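**Student:** Pasting in a structure now, in structure tokens, and then I'll have a few things to ask.
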Amino acid sequence: MNQAEILKDIIEKRKSIFPKDYTGEKIPEDIIESVLNSGTFAPNHKRTKPWRFKLFQGTEKEKLASEMQEIYKSMQSEQQFLEKKYNDIGFKINKADAVISIVVNFSGMVPEWEEIAAVSMAVQNMYLTCTANEIGCYWSSPKIVNNLKESLTIEENQQCLGLFYMGKLD
């Protein structure tokens, strides 16, 4: 296969794969580094490099799960609270080997939509790198991420666009 055929194959195979389908096995560190690095090659106007990624694994990932569960619980009235949703939040994070926060940093140099687009392209690069390495992944953007305070240090000119879940597949 030539490079164009390989690229076409990876693009066509790219899809969201959810934590319920992850094995729970560790992803090799070099693959995680490759996924993060591929995001930095996204085009961005005026070279603002608006993406800010933070990797969560191990105890940091467990803290993220707890924080998100507590945020969900605090945002719901007693009548609206769903135990299943609360448990699903923790399950998804804990079943993934790695979770990466996706944050856009608005530089003020270009329109905000351009920086959001650049971050989106960075995430697409991460998706394609996961696909090439047979790693399951998906980008989730629950409202809860807007309230993450402990796990993420969000500056005034930044916004969390979601979480990128990654896990090994059978």
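The values are calculated or read from the model by the stated rules, or taken from the named source; none is laboratory data. Predicted model only: the values in this text are computed from it and were never measured. Every residue, glycine as well, gets a Cβ built from its backbone with ideal geometry; the counts of neighbours run over all protein chains shown. Ligands, DNA and RNA are excluded from the accessible area calculation, which covers all protein heavy atoms including side chains. Shrake-Rupley method; radii C 1.70, N 1.55, O 1.52, S 1.80 Å.
**Student:** Taking K and R as +1 and D and E as -1, what net charge do the other residues with C-beta under 14 Å from the C-beta of residue 31 add up to?
**Tutor:** -4
**Student:** If you don't mind, another one. Per residue, how much accessible area does the chain have with a 1.4 Å probe, in Å²?
**Tutor:** Computed with neighbouring chains in place, this is 59 Å² per residue.
**Student:** Another question, then. Taking only Cα atoms and a 10 Å spring cutoff, compute GNM fluctuations for the chain and point out the largest among 79, 124, 69.
**Tutor:** 79
**Student:** Between exposed chymotrypsin sites (Phe, Trp or Tyr not before Pro) in the chain, where DSSP calls loop and at most 13 other Cβ atoms lie within 10 Å, what's the longest gap?
**Tutor:** That would be 82-170.
**Student:** Let me ask something else about it. Based solely on its DSSP helices, what 222 nm [θ] is calculated for the chain when runs of n ≥ 4 H residues each add -39,500 (n - 2.57) and the sum is averaged over all residues, nearest 500 deg cm²/dmol?
**Tutor:** Calculated at 222 nm, the ellipticity per residue is -14000 deg cm²/dmol.
**Student:** What full-extension length gain, to one decimal in nm, is calculated for residue 86 and residue 113 as 0.36 nm per residue of separation minus the Cα-Cα distance?
**Tutor:** Roughly 6.5 nm would be gained on extension.
**Student:** Report, in whole Å, the centroid distance computed from the Cα atoms of region 40-70 and region 1-16.
**Tutor:** Each part reduced to its Cα centre gives a spacing of 26 Å.
**Student:** Between the alpha-carbon centers of region 99-130 and region 150-164, tell me the distance in whole angstrom.
**Tutor:** 12
**Student:** How far, in nm, would the chain grow between residue 169 and residue 79 when pulled straight, counting 0.36 nm per residue and subtracting the alpha carbon separation?
**Tutor:** Between residue 169 and residue 79, full extension yields an extra 28.7 nm.
**Student:** For the chain, which DSSP H helices look membrane-span-like by this rule: Cα extent along the axis of 24 Å or more and mean Kyte-Doolittle of at least -0.5?
**Tutor:** 112-132
**Student:** I've got another one for you. Given a Förster distance of 25 Å, report the FRET efficiency between residue 11 and residue 141 from their Cβ-Cβ distance, rounded to the nearest 0.05.
**Tutor:** 0.70
**Student:** Can I ask one more? Leaving out ligands, DNA and RNA, what percent of the accessible area of region 113-170 is carbon and sulfur, probe 1.4 Å?
**Tutor:** 47
**Student:** Can you pull a Stokes-Einstein diffusion coefficient for the chain at 37 °C (0.692 mPa s), Rh from Kirkwood over Cα pairs, as a whole number of µm²/s?
**Tutor:** Translational diffusion coefficient: 195 µm²/s.
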